[in-house]
Amino acid sequence: AAVPAGTLALLGTLLWAPWWALDGAPLGELSGDQDFQLFLHKNLEFTRKIKGDVAALQRESCFSQIRDGLRTYHGSLAAVLELLPGHSRLVETLQLDAANLSSNIQQQMEDLGLATVTYPTATHPTATHPTAGPGPLPAFSSRFHHQVGGFFILANFQRFLETAYRALRHLARL
């Protein structure tokens, strides 16, 4: 449902009107009011602290998710290795690179003092953590199905890495 133009104009006026009325009002920081100066200083410091706390929480959550995702895909790449044995050298390189990136993120988390949990790498049939791997492979009826299965795993891995890259780039700016 479209919003009538008159409603948008009224909303714009209502949002703009209070600022227009304050346009000529003297700013407290220029008036020499010491209480106001103290108020500003305390709130600026408080705002900086909150911003830092939020950034720390983002790093902890983001790094953990990327690390866990890399561990999941490490197991999925083992499935790709079984599905596409003709590409074993490339898949093994991807596994090694994913493991190295996961280790780097783990080290960064430890360096930042973020909470880390290391899960055992051994798999158990009832394990539910991502390091347990993808589970048994479905029985594919043809080479084509093997290639399609490998393609989907690799396409999802690529999307995951693109998202992880954007997240890490964002964290670098904080």
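Computed from the coordinates by the stated procedures, all read-outs in this text should not be read as laboratory data. Not measured: the values here are computed from a predicted model. Positions of Cβ are generated from backbone atoms using ideal geometry, with glycine treated the same way; all protein chains shown enter the neighbour counts.
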| message | Amide H of residue 33 versus every other amide H placed in the peptide plane: which residues, excluding those fewer than 5 positions away on the same chain, fall under 5 Å? | response | none
| task | Quote to one decimal, in nm, the extra length available between residue 108 and residue 61 on full extension: 0.36 nm per residue of separation minus the C-alpha distance between them. | result | 15.6 nm
| task | Go through the stretch 41-47 residue by residue and turn each phi into a ³J(HN,Hα) via Karplus (6.51, -1.76, 1.60, θ = phi - 60°); whole Hz please, and just put x for glycine and proline. | result | 4, 4, 6, 5, 4, 4, 5
| task | Calculate, in nm to one decimal, what residue 166 and residue 38 gain on full extension: separation in residues at 0.36 nm each, minus their alpha carbon distance. | result | 42.2 nm
| task | Determine ³J(HN,Hα), in whole Hz, for all residues of the stretch 151-156 in sequence, where each value follows from phi through the Karplus function 6.51 cos²θ - 1.76 cosθ + 1.60 and θ = phi - 60°; x replaces Gly and Pro. | result | 4, 5, 5, 5, 5, 5
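What's the ranking of 69-75, 88-94, 101-107, 34-40 by average number of surrounding C-beta atoms within 10 Å, highest first?
Final packing ranking: 69-75, 101-107, 88-94, 34-40.
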